[in-house]
Amino acid sequence: MPLEAFKTSKPLTLGVELELQLVSLSDFDLVEASPDMLELLGRGKFPGTVVPEITESMIEISTDVHSRHAGLLSQLHAIRDALVHAGDMLNVGVCGGGTHPFQQWSERRIFSKPRFKEVSALYGYLAKQFTIFGQHVHVGCESGDDAMFLLHSLSRYIPHFIALSASSPFVQGSDTLFNSARLNSVFAFPLSGRAPFVLRWSDFEGDYFAHMERTGIVRSMKDFYWDIRPKPEFGTIELRVCDTPLTVERAAALACYLQTLCLSLLQRKEPPPAESDYLVYNYNRFQACRFGLDGTVVDPKTYESRTVREDILATLSGLAPHAETLESGAALQHIRDVAQAGGDASYLRRQHRERGSAEGMVEAAIEQFRSGTS
């Protein structure tokens, strides 16, 4: 099937998707509760969209389209409250975090949906190992060419979003020493990583995608697990590198940081993206996953090295005029606070030490999601 035409969207509009953990309140392990949760939530009006994910210990929520931080955060609060209420009725905890710290992937059950069954048949055990939890952010684009420009221009900022959202330090009972171990699971899929360097939508559609579609490997953009991918049916680009944060406040702040960066990049005052930018891409990505805000990144244009923290703070200092335009000042202050004080991975490790168990760490994550403190 040919790739559908790129739908024009209002530039810089936002939508957020969050994959969330469903946890037993007796032993704090993941629990196969999504069928019951979805049935319960379907009885009334849900303040967003909620759908199943690949295994039954997960759900995915989506917001409506927003243009400002305040409206996005307000809807995320309403969604959070509805999920907490439903969880209380089912004795199920709901929380963020990019990985569950001690669940065993072999115990997971694939949700009974044709696409999930197809993915499981194709990828084998990787499908169950994909019980990981991410935040996806959509940004509206006026044209497919703008989408490809932003997709590649954002490549140097990918470490920012990895480090700021990192919340997956533990996997299968062990501290991985990574701040974001989740992305290692994504990289196992053959169609992951970065998009091809194509700047015109017509070239992407007519050359790259058409050739890939003819191979039979892909049928739609859903078959690509890239860090950023275009979504022509929505008229957006979709950022996919973020772990699900522990609070909806951080999820909203990350989305609006991306929105403000996109406004800045669309001024086209920086050097244009180039294929050579990707020479340092995997190195920078690894540094952010492994060391978080303390990782070292190399600017592909200037070859300057500095920490992710320093790079974020320097970037924020140049975004003030755009933050005023988009009314995203509170979101960017949240990002500044995270960069200076540390993020969710550090919090989870601290909770593990103070509470003395991985179960205690999960309990803390549930409390964070409920309360919204960070």
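A convex hull fitted to the Cα coordinates of segment 204-309 yields 156 cubic angstrom per residue. Each residue, residue 10 and residue 123, gets one label point 7 Å from its Cα in the Cβ direction; the gap between the two is 3.4 nm. Could you tell me which of 20, 37, 72 has its Cα farthest along the dipole of segment 1-88 towards the positive end, charges placed at Cβ (Lys, Arg +1; Asp, Glu -1), taken about the Cα centre? Selected residue: 72. Let me know the longest stretch in the chain that avoids all trypsin sites (Lys or Arg not before Pro) found in a DSSP loop with at most 15 other C-beta atoms within 10 Å. No qualifying site falls inside 110-199, the longest such stretch.
Running Debye on the chain with equal point scatterers at the Cα sites and no solvent, what base-10 log of I(q)/I(0) appears at q = 0.09, 0.12, 0.13, 0.14 Å⁻¹? Debye intensities relative to I(0), on a log10 scale: -0.47, -0.88, -1.05, -1.24.
Annotation note: GluC sites (Glu not before Pro) in segment 257-333 located in DSSP loop regions with a Cβ neighbour count of at most 16 within 10 Å are 304, 327. Placing a pseudo-label 7 Å from each Cα along the Cα-to-Cβ vector at residue 267 and residue 301 gives an inter-label distance of 1.2 nm.
Working note: 222 nm ellipticity from helices only, DSSP H runs with n ≥ 4, each -39,500 (n - 2.57), summed and divided by the residues of the chain, gives -12500 deg cm²/dmol to the nearest 500.
Cross-link check: pairs 7/117; 10/222; 10/113; 7/301; 10/128; 45/128 evaluated at a Cα-Cα cut-off of 27 Å; pairs beyond the cut-off: 7/117; 10/113; 7/301; 10/128; 45/128.
Computed over neighbours whose Cβ is under 13 Å from that of residue 145, the net charge equals -2, Lys and Arg +1, Asp and Glu -1. Accessible surface calculations at 1.4 Å, restricted to protein heavy atoms, place the chain at 40 Å² per residue. Can you list the residues of segment 288-312 with backbone N under 20 Å from a point 7 Å past the Cα of residue 276, pointing along Cα to Cβ? Residues 297-306 qualify, since their backbone N sits under 20 Å from the label point.
Using the Karplus relation 6.51 cos²θ - 1.76 cosθ + 1.60 with θ = phi - 60°, the per-residue 3J(HN,Hα) values for segment 356-362 come to x, 6, 5, 4, x, 5, 5 Hz, with x marking Gly and Pro. Taking the 1.4 Å solvent-accessible surface of the chain as the whole, the part contributed by carbon and sulfur is 52%.
Around the Cα centre of the chain, unit charges on the Cβ atoms of Lys, Arg, Asp and Glu (plus for the first two, minus for the last two) sum to a dipole of about 240 debye. Computed from backbone phi, the HN-Hα couplings of segment 222-233 come to 5, 7, 9, 10, 4, 4, 9, 9, x, 10, x, 5 Hz, rounded to whole numbers (Karplus: 6.51 cos²θ - 1.76 cosθ + 1.60, θ = phi - 60°; Gly and Pro given as x). Once the C-beta distance of residue 359 and residue 104 is scaled by a Förster radius of 22 Å, the resulting FRET efficiency is 0.95 to the nearest 0.05.
Close amide H pairs (under 5 Å, H built 1.01 Å from N) link residue 171 with 176, residues at least 5 positions away or on another chain.
The values are calculated or read from the model by the stated rules, or taken from the named source; none is laboratory data. Note that the structure is a prediction, hence the values are computed from the model and not measured. Positions of Cβ are backbone-derived with ideal geometry, glycine not excepted, and every protein chain shown enters the neighbour counts. SASA here: full protein model, heavy atoms, side chains in, ligands and nucleic acids out. Shrake-Rupley method; radii C 1.70, N 1.55, O 1.52, S 1.80 Å.
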